[in-house]
1. Using only the Cα atoms, work out Rg/Rh for the chain, with Rh taken as the Kirkwood radius, to two decimals.
2. Report Rg (one decimal) and Dmax (nearest whole number) for segment 20-74, counting Cα atoms only, units Å.
3. Of A89, A150, A45, which is the most mobile in a GNM of the chain whose springs link Cα atoms less than 10 angstrom apart?
Amino acid sequence: MRTRTIANLSLIPAVVGALLQAGAQLFAIAVIVGTVTAAPPRSLAMYAGEYGYNSGPFWEVMPTVTFGLLLIALAGNWRTPRRRLVLVAAALFIAAGIFSVFVMGPVQEAVVGVGYSDTVDEALRIRAARWHLLDWAAWAMTLSTGIVLAASLAVRVPEAGGAGDVA
């Protein structure tokens, strides 16, 4: 199989995965986080009860799939001029994950952990607004991953055995 074909076939799914994840994050921020951070703990009602909203299963799978696709893209493009861009995308994705787990996650857990109550707590609303802002920052990093990966598709990959082949 030619170098160009392998490079493209390994990169395109990573672009799709990163942009799908960014789209899911955008939905979560605009609809879910925007709602639950409006007036906590009252606005946390959607998490309450036996059948409360839980996106955990999705977020346990999607980033792992996206990261796996990034690793495949990196392997498929390692000996191409795209390598640097794919490495930048992987670094952005890892940074977004670390940011989400260690910076945004604790703020989110502190807000959601309070649980539903038919009141509004101003101090909690301020923490919730911080969560909302941090979620936007995490989304920007994930979107940047997808943009860098998509931009790397524009980098020409020489045919195997061609004069411009990278060893």
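1. Numbers: Rg = 19.8 Å, Rh = 17.5 Å.
Rg divided by Rh gives 1.13.
2. 14.3, 45
3. Result for the chain, Cα springs under 10 Å: A45 fluctuates most.
Only the coordinates and a few stated rules stand behind these numbers; no lab work does. Predicted model only: the values in this text are computed from it and were never measured.
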